[in-house]
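Read-outs throughout are calculated quantities, based only on the coordinates presented, and are distinct from any laboratory measurement. Predicted, not measured: the structure shown is a model, and the values here were computed from it. Glycine also receives a Cβ, built like all others from the backbone with ideal geometry; neighbour counts cover every protein chain displayed.
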Amino acid sequence: MNPSFEDLTGGWPAPWTLDPLPKTQTAGPSTAQAHTGTRSLRVENASGTAVGVRTPRLPAVPGSQYTATSWVYTESGEPATMFLEFFNASGTRIGYEFVAPAANSTWEDASVSALAPAGAATLDVLIYGAVAAEGVSFHDDVVLTRSVPSEVELHVLSEPRGHTTPPGAPELSAAWIDGVVNA
Ligand SMILES: [Ca+2]
């Protein structure tokens, strides 16, 4: 999934995709900041238009809990947000959650969790600079995990802000993503 934005194809960190842009918007790999490795995703968001960079749509299981975690460095203004989006079999978005990280000129982690709603067939992770927001931010090490509800209950009780993941979760996630991508 190229979670650290290190691998470039034609100058772009595939399989992430950039939403069609108004001309004032830019996003792409950058070596100006990196949480791990030498690159991160730089998102420049001008006020008045939106910018979005997203993963491919991955299979979603209704009732499962999904958590996306990433690291964010804010150069100026407001950092881009991170969404979990769920789509039905027809491709219509039927649910989402997002996190709006605080603006810090250090690397900070941010996470968003959501239950896949009934009817969910796929999900994606979206790094999104909103229309009204303005700023430059860097994003790195995006990890998507899936857990069963019983584990989620314990997780939420012990970690109300959801900023840590259970032991082994990154490995499980990597294996799961690997399975999905290489299926
Ligand atoms: Ca990186």
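One table, with the values for the structure above:
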{"read-out": "Taking Ile94, Ile127 and counting other C-beta atoms within 10 Å, the order from fewest to most", "value": "Ile94, Ile127"}
{"read-out": "Burial ranking of peptide ranges 112-119, 36-43 (average Cβ count within 10 Å, highest at the top)", "value": "36-43, 112-119"}
{"read-out": "Likely footprinting exposure, Val61, Val99, fewest C-beta neighbours within 10 Å first", "value": "Val61, Val99"}
{"read-out": "Summed residue charge, Cβ within 14 Å of Phe5's Cβ, Lys/Arg positive, Asp/Glu negative", "value": "-1"}
{"read-out": "Table column - 3J(HN,Hα) (Hz), the range 12-18, Karplus curve with 6.51, -1.76, 1.60, x for Gly and Pro", "value": "10, x, 4, x, 4, 10, 9"}
{"read-out": "Residue order, fewest to most surrounding Cβ atoms within 10 angstrom, among His35, His139", "value": "His35, His139"}
{"read-out": "Student exercise, the range 39-94 dipole from Lys, Arg, Asp, Glu Cβ charges, in Debye to nearest 20", "value": "240"}
{"read-out": "Positive-end residue of Ser76, Ser90, Thr38, charge dipole of the range 1-121 with Cβ unit charges", "value": "Ser90"}
{"read-out": "Ratio of the Cα radius of gyration of the range 79-145 to 2.2 N^0.38 Å, where N counts its residues", "value": "1.21"}
